[in-house]
1. With 97, 39 as the choices, which residue is at pLDDT 80 or above, in contact with a strand residue (DSSP E or B) (Cβ under 7 Å, 6 or more places away or on another chain) and either outside any strand (DSSP E or B) or farther than 14 Å from residue 112 by Cβ (or both)?
2. Given (1) at pLDDT below 90; (2) surrounded by fewer than 15 Cβ atoms within 10 Å (Cβ to Cβ); (3) hydroxyl-bearing (Ser, Thr, Tyr); (4) in contact with a strand residue (DSSP E or B) (Cβ under 9 Å, 6 or more places away or on another chain), identify the lone condition not met by residue 65.
3. Let me spell it out: the conditions are (1) modelled with pLDDT under 80; (2) farther than 21 Å from residue 110 by Cα; (3) open to solvent by 90 Å² or more (accessible area, probe 1.4 Å), and residue 15 meets all of them except one. Which number is the exception?
Amino acid sequence: MIHAKKLASLLLACAFPLLAATPASAAVDSHCGEYVCVLTAHHNRFVQDITVRTKDGLPGTLRAYWGYFHSPKANAASHRWTVGYEQAGAKLVCGGLERDGRTIEDGICVTI
């Protein structure tokens, strides 16, 4: 019984700093159009991740863009930054989809 209390105290002591370090306004936001969804993990204007995916699962060329970042055309668009990276004035995280050389959907954006 004493060992269980010590273990519980140790786990609580280890977990408390992690809880305190988590930003209160950290968020994962998304916005979907008819064909694509754009998801971003961010803390205020500090973006850590952008993911663009198709809703229908069919092949296509996806793009993600935010401020000065524009992903190359790819079958899956996703990009991660180190924590704390900010692009001044960039208020939208966006994505788009092309199929057979035609723009199917573009400008699906999440406000940060």
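The values are calculated or read from the model by the stated rules, or taken from the named source; none is laboratory data. Keep in mind that this is a model prediction, so the values were computed, not measured. Don't worry about glycine lacking a Cβ; one is built from the backbone with ideal geometry, like all the others, and counts go over all protein chains shown. Just the protein is used for accessible areas: all its heavy atoms, side chains included, with ligands, DNA and RNA removed. Shrake-Rupley method; radii C 1.70, N 1.55, O 1.52, S 1.80 Å.
1. Values: 39 fails: either outside any strand (DSSP E or B) or farther than 14 Å from residue 112 by Cβ (or both).
None of the other options fit; the residue is 97.
2. (2)
3. That leaves (3) as the condition not met.
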